[in-house]
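Beneath this line is the structure, given in structure tokens, with notes to follow.
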Amino acid sequence: MTDRIKMQLQCPMPELDYEIITLAHGSGGKLTNALLESTVFQLFTENDGIERRHDGALIPLEGKAVFSTDSFVISPIFFPGGNIGELAVNGTVNDIAMCGGIPKYLSLAFIIEEGMKIKDLWEVMIGVKYAAGKAGVTIVTGDTKVVEKGKGDKIFINTTGIGTLHPNADIRISNIKPGDKIIVSGQIATHGIAILSVRRGLEFESDIESDTRNLNKSVEKMLDLYGKQIHLMRDPTRGGVSSTLNELARDTHLGFELEQISLPMDKQVSGACEMLGLDPLYVANEGIFLAFVEASVADVFVEDLRRQEYGQDAAIIGTVVEDHPGTVLIRSDFGGMRVVHMQVGEQLPRIC
């Protein structure tokens with residue numbers, strides 16, 4: 001039994017007078033209060049910030065703060081391996097970690113469409129609770145709004161995260177230099193293919209699950225070990241590995257050379273990409289990061305990363321070079337080189 005299922009069993013949904021969200025639930029009156037009491041305030045009773053029931057939160061911080069905000073509009077809101085609640089927490093936690101931060105606190109704002117089933121809202125909030133617990137962050141404040149049917153898509157979530165800067169971190173684009181090794185922490189393209197597997201009209205048999213997960217614990221450990229030898233980190237979410245690397249190549253005026261044979265990828269994901277005509281480099285991810293590290297430590301960095309909870313498939317996938325500035329190239333399995341262009345348009349909309 002997974003930890004997620006255990007939490008669902010430990011947090012049964014309370015009996016409510018309504019089965020669906022109505023506009024009255026967003027009025028600020030009796031139904032709003034009843035909804036919050038039976039969901040947010042029941043699930044997050046251990047959170048001092050929410051218990052105070054202010055419109056904001058008092059939070060203790062020491063040192064330089066790291067701040068990030070994001071919005072999540074994924075369709076469908078439930079997918080193999082998670083739901084929009086987990087995705088919202090993990091996405092913001094990971095954005096803070098990519099800055100070299102240690103995430104501490106989150107706020108969440110829900111924009112709920114009239115007609116959403118309350119049992120679905122409860123499941124989303126279970127996802128929030130589960131992901132926050134795994135990441136070790138506290139939900140301290142939030143907001144709820146209800147919009148008319150047809151003006152949303154069940155639920156949208158906005159998150160804001162705050163953390164403290166790791167004392168060893170110096171994460172910035174200007175640190176990238178020729179010779180740096182490009183490392184990926186896990187298998188690519190998993191999230192996008194998991195979402196695609198349940199989209200209407202694109203269904204195919206698969207047990208692929210989204211890789212949505214928190215990366216902050218692994219990143220904190222790697223910063224403990226390698227500090228300023230880690231020049232940059234990014235999570236290649238929307239647009240995939242290709243878009244992230246093209247943006248960085250453009251901004252650094254350096255070239256990146258990748259090795260196709262080194263890209264870690266699940267066989268089912270690879271087969272699905274081939275069947276659907278998708279390049280896995282352009283498919284979204286939610287549970288991996290790219291790291292640019294000094295060449296002298298790259299091999300041991302990967303060895304240590306593979307010892308982390310989500311780093312078993314970590315690999316060196318490329319090198320930073322002075323040649324072909326602003327361009328990403330990849331060497332195929334047969335030895336030829338091709339350009340990895342910036343993505344044009346949206347391969348798969350509403351992915352996060």
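Here, each number is a calculation from the coordinates, and none is a lab measurement. Keep in mind that what you see is a predicted model, and the values were worked out from it rather than measured. Note: ideal-geometry Cβ built from the backbone for every residue, glycine included; neighbour counts use all protein chains shown.
Quick notes on this structure:
- Put simply, the amide H of Cys11, placed in the peptide plane, has no neighbours under 5 Å, leaving out anything fewer than 5 places away on its chain.
- Remark: spin-label model distance Thr22-Thr2 equals 3.5 nm, labels positioned 7 Å along the Cα→Cβ axis.
- Here's the picture: a label point sits 7 Å out from the Cα of Asn175 along the beta-carbon direction, and within segment 245-261 nothing has its amide nitrogen under 13 Å of it.
- Rg(Cα)/(2.2 N^0.38 Å) for segment 3-165, N = residue count: 1.01
- Across segment 122-150, the residues whose backbone nitrogen lies under 15 Å from the label position 7 Å along the beta-carbon direction of Thr32 are 142-148.
- The Cβ shell under 11 Å around Phe292 holds other residues with a net charge of +2, Lys and Arg each +1, Asp and Glu each -1.
- Listed by Cβ neighbour count within 10 Å, with the fewest neighbours leading, Ser206, Ser197 appear as Ser206, Ser197.
- Glu274-Asp224 pseudo-label distance in nm [points 7 Å out on the Cα-to-Cβ vector]: 4.1
- Summing +1 for each Lys or Arg and -1 for each Asp or Glu among the other residues whose beta-carbon sits under 15 angstrom from that of Gly335 gives -1.
- Taking chymotrypsin sites (Phe, Trp or Tyr not before Pro) in DSSP loop states with no more than 16 other Cβ atoms inside 10 Å as exposed sites, the chain has its longest site-free stretch at 19-203.
- Around Leu305: net Lys/Arg minus Asp/Glu count, Cβ-Cβ under 13 Å: -2
- Full-extension gain in nm, Lys117 to Val297, via 0.36 nm per residue minus C-alpha separation: 59.7 nm
- The shape of segment 173-339 comes out oblate: with a ≥ b ≥ c from the C-alpha gyration tensor, a/c is at least 1.5 while a/b does not beat b/c.
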